[in-house]
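The values are calculated or read from the model by the stated rules, or taken from the named source; none is laboratory data. What you see is a predicted model, and the numbers here were worked out from it, not measured in a lab. Ideal geometry is used to build each Cβ from the backbone, glycine not excepted, and the neighbour counts take in all protein chains shown.
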Amino acid sequence: MKPSRTRNISILFQLGGLVLAFGFVSLILLLIDADPIQAFSLLWEGAVGNTTRIASVFVVWVPIVLVTCGVLVTFTAGLWNIGIEGQITIGAIFTTGVIRMFLDTPVNPVLVIILSMLAGMLGGALWAVLAGVLKVFSGVNEIFGGLGLNFIATALNIGLIFGAWSRPGVASMSGTEPFPEVYWLPTFQNFRFSWYSILLSVIGLVVIYFLLQGTHFGLRLKAVGKSIKSAFRLGITTWQHMLLAFLVCGVFAGLAGALQVVAVYHRLIPSISSGYGFMGLMIGMLINYQAIWVAPIALFFAALNIGGIQLPIVMKLDSALTGVLQGSLVLFVLLMQGVKQRVLGKQ
Amino acid sequence: MKIGFNQINKHFGEVHANVDINFNIQSGMIYGILGENGAGKSTLMKILSGFIQPDSGEIVLDGRVVEIESPADAIKFGIGMLHQDPLDFPPMQVIDNFIAGQEGGLLLKHKGIIREFKALQEQFGFTLDPEAYVDTLTVGERQQLEILRLLWLGARVLILDEPTTGISVQQKEKLFAALRVLAQQEKTVVFVSHKLEDVEVLCDKVAVLRNGCLVGEVESPFDTDQLVELMFGKLIILKDPESVSGDEIVFELQNLYIEQYPITIENVNFRLHAGEVIGLAGMEGSGQDVLLRACAGLQRPVSGRVIVNGEDLTGKNYHEFIRKGVGFLPASRLEEGLVPGLTLAEHFTVTSDEKQKLFIDKTYFRSLSEQMIDEYRIIGRPDTPVESLSGGNQQRAALSLLKDSLSIILLEHPTRGLDMESSIYMWDKLRERCKRGTSIFFISADLDEVLRYSDRILVFFSGRVSKPQDSAAIDLDQLGLMIGGKGWEQEIANEETYEAISNA
Amino acid sequence: MTGDVILLGLAGVIASGAPIVLAAIGETLTERAGVINLSLNGLIILSAMAGFWVAIETDSILLGYLAGALVGALVSAIVAFSSITLKQSQVAVGFILTITCRDLAYLLGNPIMGRQGPIMLSTPIPLLRDIPILGPLLFQQSLMTYFSIILIFVTWFWISKTKPGLMLQGIGEKPAAAFVRGANVSMMRYLYTILGGALVGLAGPLYTLSVKPGWKGTITGLDGIGWIALAITIFGGWNPIRVAFGAYLFAFLQWLGLVLQSSWTFIPSQVLQVAPFPLMILTLLLVNLGNTEWMERLLATLPDGVRNRVKKLIRSLRSQPPAALGTPFERQ
C-alpha cells in the first residue's frame, strides 16, 4: 500500500475517534438533561469569544506545552512520569520560596525572578529524580512512586499555604500573599499573558524536537525505552539515562510551575499544578509521542480548558466536562488506532 | 491412528513456510520429520496439533477430514504435541502441571491423581517427584512430564519437536525407550528433528522437508548421504576447522566461586589462549550460563578473580568489561541483544564511539551501516527495523556490532534456530576473528557444534565444572554421558593433578 | 483507652478496610489473569457516585451496589477490549480511564452533591454476635463487610484449590501453555477483568452508602484509594490472603493516625492525611528489596550465616508478579 494512502487512512481513523468522543460526551450531556449543542458552542465561545479569552488560552498553553515536552522525554525512555504533577508543584514552591527570601532585600527584582525560576527548575528536577531513584535502585515502579510523591507535594504545598507561608491574619484557599508587582514577569498590555512565557515554551519545543530527533542522547533514550536489556548489552548506561530522562522532564515541569507563580498567579495557590501534568501525559499519548504535534494539540486542549470556565456559570454544569471531553478524545483515538491495526493487519 | 496431510499450505507474511505438503503416517510406528532449521517442520506439526491453522489444505485422520481448531481440539482427536520449549508452568508443582487442563470436576484432588501419575510413569521407567516444582527440573524431565500428561489425556499420536536438544545421553536413551514402548502399543510417534543420527537410530520412516516443501520419504534402513542430500539439496561435508590457538594468555579465571540460586560453582581455574575456542557443554541450567555471565561482568562472583589481558576486572561492571575488550552475544537476540524498534543504522549509531558528540551525523552512519551490511552479508537496508530481519540476519547484525579488536567473545547458543548456511557463515566469521587473536567462549546445547568448533571443552553438571577436555580426545557419546553426570569419578580423581598443573 | 473502645475501633478497621479488600481482591483476580487494570482510582470514584445516585433515586441500597458493580464491569470491559482485542497498552488505557472516570464522576455527580442518602445499617448475626471479643469485632458488621470477608476466602480457595483456579494461574503465568491445555485465554482474560472490575465497583458505593456516607464531589475524599488498592495488590504478592492482610493493615494504620491526631495535636493534619502514600512507597520498596542489585552486593559482604538468614527474610517478603502480567497473548 502506498504511504500516502496509509496516512489518509490513519487520519480517517483519528477523525473517527474525534467524532466518537464528541458523540460520547453528547450522550453524557443528554443523560443529565443538558443541551450538547449549547455546551459545545459555549466551549467555543468561551475560548475564542474575545481577546481576553484568547489571551487566556495562551496563558494555559504555556504550561501544557512545557509539560508535554517534558513527558515526551520520559516516554521516549519508556517511563511513565506520573509524578509530573508533583514536579510542577515543587517547582512552584521552590520559586515562591526564593522570591520570599528576597522580598525585602535590595537585590534587583529581575535577578530575583531569574533566580527563582532556576530554583523552580531545580525543584522539579529533584522531585523527578527522586521518583527515578526509587525506580532504578529500589524497583518501585515509577507510576506508584510518582503518584505517592504527587500526594506528598500537594500536602507540602497546602501545609505551606496554611502554615509557614500563610497570609497575615487568615490563611485561606486563595493562596499566599501576592508578591509586589516588580516580581511579576512583565505581561502584554493588560492581559495575564507574557511574551517571555511564550518565548520560553517555544524554546522548549525546539530543544525537545532536536533532542529527540537528532542527538545521540535522544537515540540512546529511545533504545532504553524500546528494550532496556538490549540497550544495556549494547553498552548504554541505562539507569543513568533513565535518571537523566527524569531530570530533563523535571526541569520542564519545574519551569512550568515557576511560570505559574511568576507569570500567572504571582503567589502560591493550592492547586498550582492544575492537572496540567496529567494533561501532558494524555497529549503525549494522543500525538503518539511526536514532538511536532505538541504545539497545536496543546492549543486545542488549552482552548477546551478556558472554554470550560463558562460552563458552571451559564449551564450549571461542572467544569469537569472539559476533562471528560479531553479524556474520551484520547481514549477513542487510541481505540481507533487499535481498530485500524486490526483492520489493516487482516488484509 | 493414520494421519494424512493433504495439500497443506501456510504463509507467515512473505515466508511460505509449508508448500503443498502431501503425505501419510501409519500408526504403530515412529515416524521422523527431518529437515534443517527453518525448513517448515515445526509449522507443519503446529498445524497438526491445532496450534495454528493452515491457509489451505486438510488434515485426514483415519480417512476422515477433520478441522483441528485448537490444541484442545487436537487432544480430543488424540493428538498431543511436545513443543521445543516446553509449554509448562515453571513455578507450579509437577502434579499441578499434570492436572491443569484436565476436564471434569471442580476441585483439585491431588491424592488419587498422584497415584495414577506414579503408576503411569512406572510404565516408562520415569522417576519424577510429583510434588517437585517444575523450575527445578531439567529439560529432559520436563519432556517426560509432558509425555505423561498427554498420554493421560488420551493421546494416541505423540508429536515431539526437537526433543533431543539439551538433554543428556541417559535421558535420551530413556526417551527413546519410552517412544519404542509407545510404538509397540500401536500409538503413533512423530519425531521432528534436524539431527540425522537420532532419526537414523529411532525412526521407521522419515519425511524430509526443505524450504517448506516435502522433498522425499525414506524408509529404514537409511543411507546417511541420501538423507543429507535431501535435507540440504546437496552433499555437505563439514570440515573440522583447524586450531589457531596461540600461546599468549588473554583471559584467566582464578579460584572463581559463584552463587546464583540454585547453582553454586566452586573453584574454577582456567586460562584461555589467544585465538582459542572453548565450548561450554551441559544440560540447561547446569551452571554454564552463570559462568559465562560472570566472564562478561554480568554476574558478580562471591570470590575469585576474572583477569582480562592481564588486568583484574573482578567486581567491575559489564560496561567496563566491554571497554576492556570483552564482547557478549546473548541467546535471546531480540530480548537482550538487539533493540526491537530501532533500525540497523540506529544500532550502528548507538554502538559507535561517537557518543560524546551531540548531534548525529546521519550521512556518516548511513554509509557506515551500508558498509557493515555489505561486509556481513546482512539482508536488509540501513533503515530496516531489526525485528523484521530473519533470525540468521539478526545474528549477523549482532555479530557485526561487536568491535573488531576484542580479546574474547562470549556467546550463548550462537547458531540456535539458524539454518545450516547461516550457521556455517556465523562460524566462518568467528574463526576469522580467532585468526586475528580473539578467543571464544561459547555455550551450545548442540553437542555436535561443541565438538566440532571447540579446541577445548568445559563440561558442566549441576554446578560442577570439569577440567578442560581436549575436543580431539572425546567423542559425542562420552560428552553426552558427562553432561548427564556420568564419568565424573575419573574427574574427581584427576582434579588434584589438574590443579597442580594449572597452578604451576 | 479502655478495651471496649479499642474493640470498637478495631471493628471499625474491619468495616473501613472492607472496600479496600473488595478493590484489592478484584484487582488480584484481574492481574492473576495477566491483565493490569490501572483504572481503579477513577473507577472507584465513579462507582461511588453512581451507586449513591441510584440509591437515592430508587431508595434501594441493593440497587446502589448493583449500579456500582455494573459501572465497574463496564469500565473494566473497556480495559479488556482495548488491551485484549485491540492490543493497546494496558497502562495507557488504564491511565486515561482513571483520569476520565474521575472527571465523569464529578460532572455527573454535580446535581446530587451534598444530598442526604440512604445509609447501610449493620446486621448483627444472632448468636455469633454474643461471642466475647469476636462477636463485636466480626459479627456486628454490615452485610457488605461480611461479603468482603467471605470473598477473601472464596477467592483464595478458587485460585489455589480448584481446577479453573489452577488454569487462572496458568493464564497469568504462561498463556501459551494454558492455551495448549485447552484454555480460551482471551475469553478468560475478559471474564476475570470484568469480574474483578465489578468487585472493585462494589467498593465505591460501600464508601458512599456506608463507610463515608454521601457524595460531596471533589471533597468526598476517595481520590487515591484506588492507587492504594493497586499497591496493596503488589504488596500482597497476588495472594488473596496476603492482599487482605495488606488492606486491613492499611485500614488499621489509618485508624491509628486518627487516634494519634486527637491525642498528639502537634502533628499537622496534612501530614497524617498523606501518610498512606509514603507508606505505600515504603512497602513497595520493601517487597522489591530482594530484586535489587545493591542489596545483593551488600549481602555478599555479610558472613555466611547472617547472609542466609537475611536472604530468607527478604525472599519471604518478596512478591513475584504473574510472569505474563501486562503482556498480550497471540497464538503463533
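What single numbered condition from (1) closer than 24 Å to C:A323 by Cα; (2) over 21 Å from the mean Cα position of the chain (by Cα) fails to hold for C:L286?
In the conditions (1) closer than 24 Å to C:A323 by Cα; (2) over 21 Å from the mean Cα position of the chain (by Cα), C:L286 misses (2) alone.
Matching residues to (1) away from every other protein chain (no Cβ under 14 Å); (2) surrounded by 23 or more Cβ atoms within 10 Å (Cβ to Cβ); (3) under 11 Å from the mean Cα position of the chain (by Cα):
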residue	(1), (2), (3)
A:F58	yes, no, no
A:V62	yes, yes, yes
A:L66	yes, yes, yes
A:T95	yes, yes, no
A:P106	yes, no, no
A:P109	yes, no, no
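Can you tell me which residues in region C:258-288 are at pLDDT 80 or above, more than 7 Å from chain A (Cβ to nearest Cβ) and under 24 Å from A:G146 (Cβ atoms)?
C:A275, C:P276, C:L279, C:L282, C:T283, C:L286, C:V287
Each row is one residue, and each column tells you yes or no for (1) farther than 15 Å from B:D161 by Cα; (2) within 11 Å of another protein chain (Cβ to nearest Cβ); (3) buried (at least 16 other Cβ atoms within 10 Å of the Cβ).
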residue	(1), (2), (3)
B:E36	no, no, yes
B:A39	no, no, yes
B:L44	no, no, yes
B:F51	no, yes, yes
B:E58	yes, no, no
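If I ask for residues that are modelled with pLDDT under 90 and loosely packed, with under 15 Cβ neighbours inside 10 Å, which ones from region B:226-245 would you list?
If the condition is that a residue be modelled with pLDDT under 90 and loosely packed, with under 15 Cβ neighbours inside 10 Å, then B:G233, B:K234, B:L235, B:I236, B:I237, B:L238, B:K239, B:D240, B:E242 are the ones that fit.
Within region C:167-218, take every residue that is surrounded by fewer than 21 Cβ atoms within 10 Å (Cβ to Cβ) and outside any helix (DSSP H, G or I) and give me the one that is nearest to the other protein chains (Cβ to nearest Cβ).
Top of the filtered list is C:G182.
Mind checking whether some residue in region C:98-120 is under 30 Å from B:L151 (Cβ atoms) and in a loop (DSSP other than H, G, I, E, B)?
No, because not a single residue in region C:98-120 is under 30 Å from B:L151 (Cβ atoms) and in a loop (DSSP other than H, G, I, E, B).
Does at least one position in region A:195-214 carry a residue that is without any contact (Cβ under 8 Å) to a residue 12 or more places away in the chain, more than 23 Å from the chain's Cα centre (by Cα) and closer than 24 Å to A:Y289 by Cβ?
Looking through region A:195-214, at least one residue is without any contact (Cβ under 8 Å) to a residue 12 or more places away in the chain, more than 23 Å from the chain's Cα centre (by Cα) and closer than 24 Å to A:Y289 by Cβ.
Mind checking whether some residue in region C:304-316 is within 26 Å of C:G94 (Cβ to Cβ) and touching a residue at least 24 places away in the same chain (Cβ under 8 Å)?
For region C:304-316, residues within 26 Å of C:G94 (Cβ to Cβ) and touching a residue at least 24 places away in the same chain (Cβ under 8 Å): absent.
Being closer than 19 Å to A:W239 by Cβ and either surrounded by fewer than 21 Cβ atoms within 10 Å (Cβ to Cβ) or more than 7 Å from chain A (Cβ to nearest Cβ) (or both) is the filter here; which residues of region B:318-335 pass it?
B:Y318, B:H319, B:E320, B:F321, B:I322, B:R323, B:E335
With farther than 30 Å from A:S166 by Cα, touching a Leu at 6+ places or on another chain (Cβ under 8 Å) and either among the hydrophobic types (A, V, I, L, M, F, W, C) or touching a residue at least 24 places away in the same chain (Cβ under 8 Å) (or both) as the only criterion, which of A:V343, A:V262, A:V314 stands out?
Only one candidate passes the filter, namely A:V314.
Specify which of the listed residues (A:V71, A:V25) is in contact (Cβ under 8 Å) with a residue 24 or more places away in the chain, touching a Pro at 6+ places or on another chain (Cβ under 9 Å) and within 14 Å of chain C (Cβ to nearest Cβ).
A:V25
Quick check on my filter: what residues within region C:58-90 are closer than 15 Å to C:R189 by Cβ, hydrophobic (A, V, I, L, M, F, W, C) and within 14 Å of chain A (Cβ to nearest Cβ)?
C:A77, C:I78, C:V79, C:A80, C:F81, C:I84, C:L86
What are the residues in region B:387-421 that are at pLDDT 90 or above, among the charged types (D, E, K, R) and closer than 21 Å to B:I278 by Cα, if any?
Selection gives B:R396, B:E412.
Return only the number of the condition from (1) part of a helix (DSSP H, G or I); (2) within 12 Å of chain C (Cβ to nearest Cβ); (3) within 15 Å of the chain's Cα centre (by Cα); (4) surrounded by fewer than 19 Cβ atoms within 10 Å (Cβ to Cβ) that A:P312 does not satisfy.
Only one criterion is unmet by A:P312, namely (3).
Provide a single number: the residues in region A:161-193 that are within 14 Å of chain C (Cβ to nearest Cβ), under 28 Å from A:T105 (Cβ atoms) and surrounded by fewer than 18 Cβ atoms within 10 Å (Cβ to Cβ).
Count: 4.
Identify, by number, the condition in (1) away from every other protein chain (no Cβ under 12 Å); (2) more than 19 Å from B:S407 (Cα to Cα) that B:L292 doesn't meet.
Answer for B:L292: the failing condition is (2).
Go over the candidates A:L281, A:L255, A:L268, A:L317 one by one and state the one that is in a loop (DSSP other than H, G, I, E, B), buried (at least 24 other Cβ atoms within 10 Å of the Cβ) and not small (G, A, S).
A:L268 is the lone residue from the list that is in a loop (DSSP other than H, G, I, E, B), buried (at least 24 other Cβ atoms within 10 Å of the Cβ) and not small (G, A, S).
Listed residues C:L38, C:L29, C:L74, C:L22; which is within 22 Å of C:M167 (Cα to Cα) and of a type in the set (A, V, I, L, M, F, W, C)?
C:L29
So which residues in region A:315-347 are more than 8 Å from chain C (Cβ to nearest Cβ), more than 19 Å from A:R192 (Cβ to Cβ) and of a type in the set (G, A, S)?
Result: A:G345, single match.
Enumerate the pairs (first residue in region A:79-107 and in a helix (DSSP H, G or I); second residue anywhere and surrounded by fewer than 24 Cβ atoms within 10 Å (Cβ to Cβ) and charged (D, E, K, R)) with beta-carbon separation below 9 Å, excluding pairs fewer than 6 apart on the same chain, so at least 6 apart or on different chains.
Matching pairs, first to second residue: A:T96/A:R267.
For region A:132-141, name all the residues that are assigned to a helix (DSSP H, G or I), within 11 Å of another protein chain (Cβ to nearest Cβ) and crowded, with 22+ Cβ neighbours inside 10 Å.
A:L134, A:K135
All but one of (1) modelled with pLDDT of 95 or more; (2) out of contact with any Gly (no Cβ under 9 Å at 6 or more places or on another chain); (3) farther than 30 Å from B:I236 by Cβ hold for B:V60; state the number of the condition that does not hold.
B:V60 satisfies all of (1) modelled with pLDDT of 95 or more; (2) out of contact with any Gly (no Cβ under 9 Å at 6 or more places or on another chain); (3) farther than 30 Å from B:I236 by Cβ except (2).
For B:I379, all conditions in the list (1) part of a loop (DSSP other than H, G, I, E, B); (2) closer than 28 Å to B:F365 by Cβ; (3) assigned by TED's automatic domain parsing to the domain that holds B:G480; (4) not basic (K, R) hold save one; what is the number of the exception?
Only one criterion is unmet by B:I379, namely (3).
Here is a yes/no grid of residues against (1) buried (at least 22 other Cβ atoms within 10 Å of the Cβ); (2) more than 9 Å from every other protein chain (Cβ to nearest Cβ):
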position: A:H216; (1), (2): no, no
position: A:I228; (1), (2): no, yes
position: A:Q240; (1), (2): no, yes
position: A:L244; (1), (2): no, yes
position: A:C249; (1), (2): yes, yes
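Considering only region B:119-173, state which residues are β-branched (V, I, T), over 25 Å from B:L476 (Cβ atoms) and not in a loop (DSSP other than H, G, I, E, B).
Scanning region B:119-173 gives B:V134, B:T136, B:V157, B:I159.
Please go through region C:135-166 and pick out each residue that is of a type in the set (V, I, T) and either touching a residue at least 12 places away in the same chain (Cβ under 8 Å) or away from chain B (no Cβ under 12 Å) (or both).
C:T145, C:I149, C:I150, C:I152, C:V154, C:T155, C:I159
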